[in-house]
Every structure is written in structure tokens, then in C-alpha cells.
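Here the structure comes first, spelled out in C-alpha cells, and everything after it is commentary.
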Amino acid sequence: MNRNDALRLENATKSFEDLVVVQHVNTTVEQGTLTALLGPSGCGKTTLLRMIAGLETPDEGTIWLNEQPLFQDRPRIHVPPHRRAIGMVFQDYGLWPHMTVERTVAYPLRATKGRHRRGRVPSAVHEVLSQVRLSGLENRLPHQLSGGERQRVALARALVRHPELLLLDEPLSNLDAQLRKRMRSELRHLVQATPITVLHVTHDQAEALAISDQMIVMSSGQIEQTGAPETLYESPRTAFVAQFVGDANLLSAHAEHVDGATRLRLPDGSVLACAGLDVGPVEDVYGVHPHDVSLEASSSSSNVIVDRHYMGDSWHYDVRVGDTTLRVQAPIREIYDIGSGVHLSLRHVSRVRSSTTETETHLLTRPNPRQQSSEPPRKRRIGGRRRSRRHDRIRPNGYRNQSSD
Amino acid sequence: MHPRHRRMGFQINGRRITLVVAISGVLILVAYPLVQLVHKSFPLSNYVQQLQNPQNMRALWNTLYISAGITLLATSLGSILAFLMIRTDLPLKRTIRSGVYLLFLTPAYISGMAWIQLFGRAGYVTRWFRITMGLTQTPWDVYTLEGVILVMGLNMIPMAYMATANALRHADPTREEASIMSGATPIRTFFSITLPLALPGIIAGAFLVFVHGISGFGVPAMLAMPTGHLVLTTQIYSALGHYDVRMACALSVGLVIMTSIALWAHNVLLRRNRFASMPQNEQTLLTYRMGALRWPIALILTACLALVALGPLVMIGLSSLLRAWGLPLIGSNLTLANYRAIFETSVSARALRNSFLFAFGGASCSALLGLVVSYIVHRTRLRGRQLLDVLASAPLAVPGPVVAASMIFAWSVPALRLYNTPWIILIAYTVAFLPYAVRTTASVLKAMPLSGEEAGWMSGRSWASVFAGIVFPVIRRGVWAGWMLVFLMAFREIPISTMLYTKGTETVGVLMFILKTESGGLEVVSAVAVVVVVLTAIGQAVVGRLVGIRKGIL
Ligand SMILES: Nc1ncnc2c1ncn2[C@@H]1O[C@H](COP(=O)(O)OP(=O)(O)OP(=O)(O)O)[C@@H](O)[C@H]1O
Ligand SMILES: [Mg+2]
């Protein structure tokens, strides 16, 4: 374990009745960083966060916060949630309708009377209120506040005790796009200004990429990949990460070198030229970001534009290549009509290791994560023993499961 | 003229006729008797005179005393029970819920009868206690105001329970979790978050219990009147007994003012509750973990409920099987003769038949009137509909003895002499239970989207045809449920028929009130009580089926 790790989870598992919601999760969160926990709806993000908070008891595993065990299954240690130095901002804030802003923010201080002298209570409250720019609203009740103000009250309440760890469960999802952007940068600013460690749940990949130092991508109760945003974006380890984080096209293809150039041969025989792919001749799944495809008009090409969407700053084209449809993002000046032929070249391709054909097809047929995230969480049995081993193998070093060791 | 316009014109006329019929019906049935009552209570000097009567003052204080006691007892026990059931991980919840439901099914008067049979001067427990302890005196007395508080308070636990449970189901567990994450202990969280947020709902429930406390007639008449403890309802009964019209009217008006204030407070609290959130899933509400106390608490609760809910029913059941009341409870003394007797002897058979007919007629009239009233109130914009709503729910604030008194004054005038006929009981039942029919129908009507009806009109059907073909089939279950509720309340009701019956129109309530029949005493009345409880259980099950209340109630 790295000395700088504030939070460490080992083999954390939780199921509700027969539904395994979080399965053998191993991860660490570095001191003083903002880490995003990302994944589709229902993948267990909230459950994992609530286990760290102590609101949910894990079935097995260990959780440490700054070298102190918060939970351990054997011998049993379970620090009750109100004794953990953890602040939490809930998705719908959980504000108290009968308490003013000031009373709400002072509440955590009075809850730990021993540590704060009476005289200090108001000043600490006013400090944190000005930090979140709520000064002047002390005597308002929650229903007299706007959405963004409510959210900042919840943040102030979580911060006033100077917790070692701050947990945020999709705190921005109830805000409009403008406010969301502002709160994002405020959060970022907070982490830089104070020595706090933040774990931030979101299913918005753009948000996660924009503000976090580290990202943890979850799917079906397991961790798919952990790393810096650019690592996850550029070198996804699994097809799921490629698609969920980078919104990548996934191609099940055979890479081959011909005349010094690399090409991808798709199962139906179509061929795509690509640069920057440094792999031997191998059959695998490859991820291509929509903006890494360049288009060139070519009437002789059999690849045709089947659909297009104007995005304001770019064009999105759907291009049919053999049996597959590729999503392509092109500069705003590159205009092609539907039905016209284009020549494609791939500027950057990442190899997404997926060893069994069974999972390959499974992952390839996975619905678009954006659509998935708008669905209500579905009850389903998540994962099995076999799947978890596959994930162990592709997990980065240092985050390996105990079960496979 | 365009055909559609013609149709619209006709439709509005049809509605207007209905409105006129409904308003005049409600005015004659509800408003006219109350106006009579107020009229006969004047001049104001009469009130002063009644207040100077020390008996009335005692009755007033006693009423407030027992109502406060009942409210305190029922609300505290009911709320604690609801909290444990809704917000904690207590085991044995199904059993405990059944206990509360059993208590809900037992009319207060019948529990009172059972308590007398157990703890009265000759009660089974009293006798056993005296013999084992070698006492000549009974260490307790159920014929007191405290006895009334105990019987009625325990009986109203389900009412308080429902109010608190409803408030707690609308709690948002995230608020408690936010408190815990702020470092507050579960106990502090309970007192600073959970309790303050549920309090408006709990107090609203308390006001409802209070209303039922001051309106109660049967139990005070049985336990307090014999020993000279007066309450307002029994005072009205005695005033009518010796034709003191002015006293009966003044006390009735005073009683209605008190219940109206309490009901108003109840409504304000319910409506202004800005703390309520969406109703939550049962599982997510289990915020409080009882740990090692889970089983002890559950077992204690189960034992207490078994005593309070099951005990009286077992007593009534056993005594209904006794050859004669007071005999030892052993096999050779048990018989089914009492049941044969109540169906065969003329007075009790007549009472059963009368109660059935009155309840059936009253339920049908108030269900029909309730249907029309709630349709007008919730589905039209016709002027006067608010007045209709207020009038139709007014009887909620009118205790049974006052309904009876107002009926006597309204229907003994020469032109409308219905007093001493069966009709007056039928009308009284219709009036007294109309609000329950209106509310049940209104709740299903409000849940039905207006677009269903509008689509019917746009298909070119008349208002009446849309009502019969589209609206009624959808809300039918609510109407039947309202009918059933009124039937059950009317069948077991005591004060109205006790004050309005004459020879030949005796009811089940009258039999229970005088605690004897021509074929026997308590053992036969107990058999009648068993019939009432069984009928109530069946009826409530039907109501639950119809509108799915069973789960909602408890
Ligand atoms: N108390 C519970 N009882 C039963 N199942 C639960 C419970 N809490 C969560 N689940 C299930 O566990 C799974 C993961 O839930 P969780 O709330 O952790 O998802 P999430 O990743 O936070 O999703 P979202 O992005 O929609 O908030 C879901 O399938 C959910 O239905
Ligand atoms: Mg969630």
C-alpha cells in the first residue's frame, strides 16, 4: 500500500438477498486527490460509497481510512457511520426542511461537541459558508433556496467538520448544465485549496474526465479499470471502458501489417487503414474514438454515410463499413451528404484486450452506455466466478483481487 | 348550431339538475337538522344558564379529562408502535400488525364489555385475584373515568398508529443518513430529525383521536354513567331523557364547536405539512437498527398486544358460550344455545334484522349521495360545489348523540313527523356516515385522470352516458368500499339508535347498550358482540380487497 493512500478497500463485497451488487472490489484512493467513481446506472456505485460511509455493512472485505480500519469482517471491526471522519453529499442532498442553513451547518459541530469549543461554533460555520459562497443566506430554510444553493448547503454541512474523506454521490446530477459546470470547477478548486480527499460518484463520463485526478470505472459490481483520466481515455483495458469512457467504436478485427502500414481487417472482409497501432498480426477487439477517424470523399469507396447529425461545433456521421456502422466526428467544415462514399483512415486505435470470444460478443452487443444510464436500474444477477477471474487478469497491477492471488 | 355545442349545452343542464338535487338533498338532510339544533339552543342566555349548572360544568371537565387521557395514551403508544414497525428492523412484524388490526376490528364498546367481564366487580380476573390474594375488597375499579380512558385509549391505538405510520412512510431516510454522516448518534438523529419531521403528522392524528374521545358515547355510558361520572355525550342523552330540550341543544352545539375546532386543527396540520416527501419503499425506511434489543422488544410488544387485542375477544368469545354468565369457564358449562337464542327469540332476531336493514339502507343512500357529491366536487367547476363539500363532510364533526338529537328536533315537526318511525334511523345513518362514503369515493375519483372522461365526451357521448359507461366502472370499487364501510359502522353503532328507537325498531346497538335481551344477560349479548366482530372482520376484508386498504391502513 502506498503511504499516500487515504482510502483502501480490499475484497469488498455486498449483496442484497441473492443479488451481488458489489463484488470483490479492491481499490485505493490517494490522499488529497479527487477520484471519480464512474459506471452505468445500477452498477453499484452508490452501494460502494455507502459501504465506505458505513451506511451499508459489507458482507466481507476490509476498508481502511488513513491506516485506521473502518470495517473488517474477521475479526469483526465496524466503526459506526457517525464515528467515521467522513463527510457525505447525497444525490438529493438530504437537507432538513425544519432547519435553517446556519443550524444545518452547525449541526455536525454540535454532534462532536468534545472536539469543538462552544465559542468556535459560529465562526467555523461562517467560515465554511463563505467558502461555499452562501454568506447572507444563514436564516433561510431549504425550501427557500435554489437547487445550486441547496447543493452548497449540503456541501458546507459535509465540510464543516473537516472530514478526512468527502464522499459525493452524483451531487451535480440535479442541476442544470450551466450550474453544473460552475459547481464542477468549484469542487476542483476545493480539492486544490484544502487537504481533503474526495471520492465522487458520477455516471457522466465527461464530468469525470474533466475534474478528476483519478478515475475508477465500475461495471456490474466490479472494477473495470483504475487510472488517470487520460490513461483511461487513450488506453482502455476493456471494451467496456473504451465504450463507456471514450464513447469508442468497438471493432472485432484482425490487425495486419502490409507494406509497412497497419490495417484492420474486419470479419466481413472490409479493411481500414490505421496509424499509431503498434501490434503484431493478431485477432482482437480494437477501440476507435469517433474523432480519431478521418474522412475523405471517395466516390469509388463502398463505405457510405448513412446518417449525420449537426452538433454545432462538429458533424457526427454514421458510416457503414461492410456490416458495421462507425460513428465518426468530423470538423464542422467537412460536409458530406447522406449516401455519399467516403474513405476512412483511423488516426489512433487502442487494442482492447478481451480474451474470450464469449465476452467479446457480449460486450460488443452491449447497448450504448448513455442510453443505459437513463434506464432505471434493472434487477439482475451480476457476474459469476468465471467473469470475476477475467477481470482480475486485466486489472492494472496493484489492484489485483485477493481471490486470484 | 353545431351539434357538439347542443350537446355541451344539454350536458351542463344535466349537471346543473344533479347539482340542485344534490345540494337540496344535503341541505335538508344535514343542514336543516343542525340549524334546528342551533335555533332551539337560543337565546344566548340559555348557554349562560347551562354553564351555571354545575352538572354541565362537571360533564365538560370530565369530557376534556377523558379525551386528553385517551389522546395521550393512544397517541404515545400508537406512535411508538408505528415508529418501531415502520422505521426499525424489528422482527415479528406480521404478527404485531395482525394484533393492531385485531384491535382495529374490535368496537370500543365491545372491548369495554370484555373489560367489565374480566376486571369488573364480578369479573373473572377480579374474582380470581381476590380469592388467591384473600382480599374482600377489589383493588381496582373499572367504573371510573380512568377506566373509560383505558378502554377507549387502548382501542384508539390503531387510529394513532395509522396517522403516525402515514407520516413516517413519507419520511426521507436520506435526511437521517445525512445526520448520521454529520456525526450525530442514532438517538440524537431520532430527536433532532426523525421526530420533528414526523410531529405534524403525529399531532394531526392526536387531534383525530381527541375528536373521537369527546364524541364517544358507548364506553362512558357503560363505565362512567352508572357511578355518576358525567360526560357531555351522556348528559345530552339524559337531557333528552327528561325532555330538557334547551340543555340538550346547548350542550350539542358546544360539543360540535369543540369537535370542529379539533378537526380543523387536524386538517390544517395535514395540509400544511411541508416536511412530507414522496412515500418511500418499505425496505429503505428501515434506518434504525435495534441490534440486540430486536427480539426482546418484539416479544414484549407481541405479548402486550395479545393481552390488549386478543384478551377481550377471547373473553367475549368464551362468555358467549356460557350457559349463564359467571359460571366457571369449564367445558361442561359451555353451550351454543346463546347463538340459537339470538336468532330465535323475537327481540334479538328483530334487532339483527333491523340493524341489517337500517345499515343496508343507510349505506345505500349515503353511497349514492356520496357518489353524486364527490363527482360534483371533484369533477365539475360548478359554483356551490365547495359548499356541498363542506356540508357533506360536516357530520364528521357531529357526534352520534348530537346527530340523534338533531334528528329528533328536525323530524318531529307536525308536517314531517318521522320520529318514532323506522325512517328516522335510516335518515340518521345516512347523514352520520355520509362523509365516509364521500371520502372513499372521492379518493378513487381523484386518482382517475380527467382525460378518460374528456375522451368520452369528445367521442360524442352525453354526460350521463359517459358517467355510466366510463366513470362509474372505474370508480366502482371505491363506491362499494364506501358502502361497506358505512354498513359496518351503522350495523354496530350505538348512540343513534339508542336515542331514536321505539318498540319494534330495536337494533343490535340497543341490545348491546342495555346489556341484556329477553333470553338472557351478558352471555347472550356477548354472542351478539361476537356476531358484530365477525361481520366487521369479513366486511373489512372485503373493503381491503376492493381498494387495497388493508396494507395501507396498517
Ligand atoms: N437496499 C437494496 N435492496 C436491494 N437491492 C438494492 C438495494 N440497494 C441497491 N440495490 C440494487 O443494487 C444495484 C446497485 O445499486 P446502486 O444504487 O449501488 O447503483 P448505482 O451504481 O449507484 O446506480 P445509479 O447510477 O442509478 O445511482 C441495483 O441493481 C439496485 O437495484
Ligand atoms: Mg447511485
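Which one of these does B:Phe42 not meet: (1) at pLDDT below 90; (2) within 24 Å of B:Ala428 (Cβ to Cβ); (3) surrounded by 15 or more Cβ atoms within 10 Å (Cβ to Cβ)?
(3)
Mind listing whichever residues of region A:159-189 are within 22 Å of A:Glu127 (Cα to Cα) and within 16 Å of ligand 1 (Cβ to nearest atom)?
Initially, region A:159-189 is screened for residues within 22 Å of A:Glu127 (Cα to Cα), giving A:159-168, A:171, A:182-189.
Result: A:Leu167, A:Leu168, A:Pro171.
Quick one: in region A:56-68, which of the residues that are in a strand (DSSP E or B) and crowded, with 22+ Cβ neighbours inside 10 Å is nearest to ligand 1 (Cβ to nearest atom)?
So the first thing to find is which residues in region A:56-68 are in a strand (DSSP E or B), and the list is A:60-65, A:68.
When the remaining residues are screened for being crowded, with 22+ Cβ neighbours inside 10 Å, the result is A:63, A:65.
Numbers: A:Ile63: 16, A:Leu65: 20 Å.
Here the residue is A:Ile63.
Would you tally the residues in region B:176-198 being facing chain A (nearest Cβ under 7 Å), buried (at least 23 other Cβ atoms within 10 Å of the Cβ) and under 16 Å from B:Asn273 (Cα atoms)?
Of the residues in region B:176-198, 2 are facing chain A (nearest Cβ under 7 Å), buried (at least 23 other Cβ atoms within 10 Å of the Cβ) and under 16 Å from B:Asn273 (Cα atoms).
Considering every residue within region A:191-214, establish whether at least one is among the polar types (S, T, N, Q), part of a loop (DSSP other than H, G, I, E, B), buried (at least 16 other Cβ atoms within 10 Å of the Cβ) and away from ligand 2 (no atom under 16 Å from the Cβ). Lay out the reasoning, then the answer.
First, pick out the residues of region A:191-214 that are among the polar types (S, T, N, Q): A:192, A:194, A:197, A:202, A:205, A:212, A:214.
So of that shortlist, the ones also part of a loop (DSSP other than H, G, I, E, B) come out as A:194, A:212.
Adding the requirement that they be buried (at least 16 other Cβ atoms within 10 Å of the Cβ) leaves A:212.
From what is left, the residues that are away from ligand 2 (no atom under 16 Å from the Cβ) are A:212.
Among the residues of region A:191-214, at least one is among the polar types (S, T, N, Q), part of a loop (DSSP other than H, G, I, E, B), buried (at least 16 other Cβ atoms within 10 Å of the Cβ) and away from ligand 2 (no atom under 16 Å from the Cβ), which makes the answer yes.
Read through the list (1) away from ligand 2 (no atom under 16 Å from the Cβ); (2) within 13 Å of another protein chain (Cβ to nearest Cβ); (3) at negative phi, then give the number of the only condition that A:His162 fails.
Evaluating A:His162 over (1) away from ligand 2 (no atom under 16 Å from the Cβ); (2) within 13 Å of another protein chain (Cβ to nearest Cβ); (3) at negative phi leaves (3) as the failure.
Has region A:42-56 got any residue that is more than 25 Å from A:Pro229 (Cα to Cα), within 14 Å of ligand 2 (Cβ to nearest atom) and of a type outside the set (A, V, I, L, M, F, W, C)?
Yes, the conditions are met somewhere in region A:42-56.
Determine if region A:93-102 includes at least one residue that is more than 7 Å from chain B (Cβ to nearest Cβ), within 18 Å of B:Ile187 (Cα to Cα) and surrounded by 22 or more Cβ atoms within 10 Å (Cβ to Cβ).
Scanning region A:93-102 turns up no residue that is more than 7 Å from chain B (Cβ to nearest Cβ), within 18 Å of B:Ile187 (Cα to Cα) and surrounded by 22 or more Cβ atoms within 10 Å (Cβ to Cβ).
Would you check which residues across region A:69-106 are polar (S, T, N, Q) and closer than 22 Å to A:Asp169 by Cα and list them?
Residues of region A:69-106 that are polar (S, T, N, Q), as a first pass: A:72, A:91, A:100, A:104.
Hits for region A:69-106 are A:Gln91, A:Thr104.
Looking only at region A:215-259, which residues are in a strand (DSSP E or B) and over 15 Å from the mean Cα position of the chain (by Cα)? Show your work before the answer.
The initial filter retains those residues of region A:215-259 that are in a strand (DSSP E or B), namely A:215-219, A:222-227, A:249-258.
Within region A:215-259, A:Asn249, A:Leu250, A:Leu251, A:Ser252, A:Ala253, A:His254, A:Ala255, A:Glu256, A:His257, A:Val258 meet the criteria.
Within region B:279-286, identify whether any single residue is away from ligand 2 (no atom under 16 Å from the Cβ) and touching a strand residue (DSSP E or B) at 6+ places or on another chain (Cβ under 8 Å), and answer yes or no.
Checked against the condition, which is being away from ligand 2 (no atom under 16 Å from the Cβ) and touching a strand residue (DSSP E or B) at 6+ places or on another chain (Cβ under 8 Å), region B:279-286 yields at least one hit.
Could you list, in sequence order, all residues of region A:4-19 that are in contact (Cβ under 8 Å) with a residue 60 or more places away in the chain, among the acidic types (Asp, Glu) and away from ligand 1 (no atom under 16 Å from the Cβ)?
Restricting attention to region A:4-19, the residues satisfying the condition of being in contact (Cβ under 8 Å) with a residue 60 or more places away in the chain are A:6-7, A:10-11, A:18-19.
Now restrict to residues that are among the acidic types (Asp, Glu): A:10, A:18.
The one that is in contact (Cβ under 8 Å) with a residue 60 or more places away in the chain, among the acidic types (Asp, Glu) and away from ligand 1 (no atom under 16 Å from the Cβ): A:Glu10.
For region A:165-190, enumerate the residues that are touching a Ser or Thr at 6+ places or on another chain (Cβ under 8 Å), more than 16 Å from ligand 2 (Cβ to nearest atom) and more than 14 Å from every other protein chain (Cβ to nearest Cβ). It would help to see each step written out before you state the result.
So in region A:165-190, the residues touching a Ser or Thr at 6+ places or on another chain (Cβ under 8 Å) come out as A:165-166, A:169-170, A:172-173.
Then keep just the ones that are more than 16 Å from ligand 2 (Cβ to nearest atom); that gives A:165-166.
If the condition is that a residue be touching a Ser or Thr at 6+ places or on another chain (Cβ under 8 Å), more than 16 Å from ligand 2 (Cβ to nearest atom) and more than 14 Å from every other protein chain (Cβ to nearest Cβ), then no residue fits.
Within region A:35-55, which residues are within 8 Å of ligand 1 (Cβ to nearest atom) and either within 22 Å of A:Arg188 (Cα to Cα) or out of contact with any Asp or Glu (no Cβ under 7 Å at 6 or more places or on another chain) (or both)?
A:Gly39, A:Pro40, A:Gly42, A:Cys43, A:Gly44, A:Lys45, A:Thr46, A:Leu48, A:Leu49
What are the residue pairs meeting all of these: first residue in region B:465-478, first residue farther than 14 Å from B:Thr441 by Cα, second residue among the small types (Gly, Ala, Ser) and surrounded by 17 or more Cβ atoms within 10 Å (Cβ to Cβ), Cβ atoms under 8 Å, and 6 or more apart or on different chains?
Between residues of region B:465-478 that are farther than 14 Å from B:Thr441 by Cα and residues that are among the small types (Gly, Ala, Ser) and surrounded by 17 or more Cβ atoms within 10 Å (Cβ to Cβ), the close pairs are B:Ser465/B:Gly456; B:Val466/B:Gly456; B:Gly469/B:Gly456; B:Ile470/B:Gly456.
Return the total of residues in region A:20-34 being outside any loop (DSSP other than H, G, I, E, B) and either away from ligand 1 (no atom under 12 Å from the Cβ) or at pLDDT below 90 (or both).
Applying the first criterion (outside any loop (DSSP other than H, G, I, E, B)) to region A:20-34 yields A:20-30, A:34.
Filter again for either away from ligand 1 (no atom under 12 Å from the Cβ) or at pLDDT below 90 (or both), leaving A:24, A:26-30, A:34.
Looking only at that region, the number is 7.
Which number in (1) surrounded by 17 or more Cβ atoms within 10 Å (Cβ to Cβ); (2) out of contact with any helix residue (DSSP H, G or I) (no Cβ under 8 Å at 6 or more places or on another chain) marks the one condition that B:Asn281 misses?
(1)
Restricting attention to region A:6-20, which residues are more than 14 Å from every other protein chain (Cβ to nearest Cβ) and within 16 Å of ligand 2 (Cβ to nearest atom)? Outline the logic, then answer.
Taking region A:6-20 first, the residues more than 14 Å from every other protein chain (Cβ to nearest Cβ) are A:6-15, A:18, A:20.
Within region A:6-20, just A:Lys14 meets the criteria.
For the list (1) of a type outside the set (D, E, K, R); (2) assigned to a helix (DSSP H, G or I); (3) within 10 Å of chain A (Cβ to nearest Cβ), I need the number of the one condition that B:Ser260 fails.
(3)
Of everything in region B:527-536 that's crowded, with 16+ Cβ neighbours inside 10 Å and out of contact with any strand residue (DSSP E or B) (no Cβ under 8 Å at 6 or more places or on another chain), which residue is nearest to B:Leu327 (Cα to Cα)?
So, considering only residues that are crowded, with 16+ Cβ neighbours inside 10 Å and out of contact with any strand residue (DSSP E or B) (no Cβ under 8 Å at 6 or more places or on another chain), the one nearest to B:Leu327 (Cα to Cα) is B:Ala527.
Yes or no: A:Leu37 closer than 29 Å to B:Gln280 by Cβ, in a helix (DSSP H, G or I) and within 16 Å of ligand 2 (Cβ to nearest atom)?
Numbers: closer than 29 Å to B:Gln280 by Cβ: yes; in a helix (DSSP H, G or I): no; within 16 Å of ligand 2 (Cβ to nearest atom): yes.
For A:Leu37, the condition - closer than 29 Å to B:Gln280 by Cβ, in a helix (DSSP H, G or I) and within 16 Å of ligand 2 (Cβ to nearest atom) - is not met.
The values are calculated or read from the model by the stated rules, or taken from the named source; none is laboratory data. Given the structure is predicted, the values throughout are model-derived calculations rather than measurements. All Cβ positions, glycine included, derive from the backbone under ideal geometry; neighbour counts span all protein chains shown.
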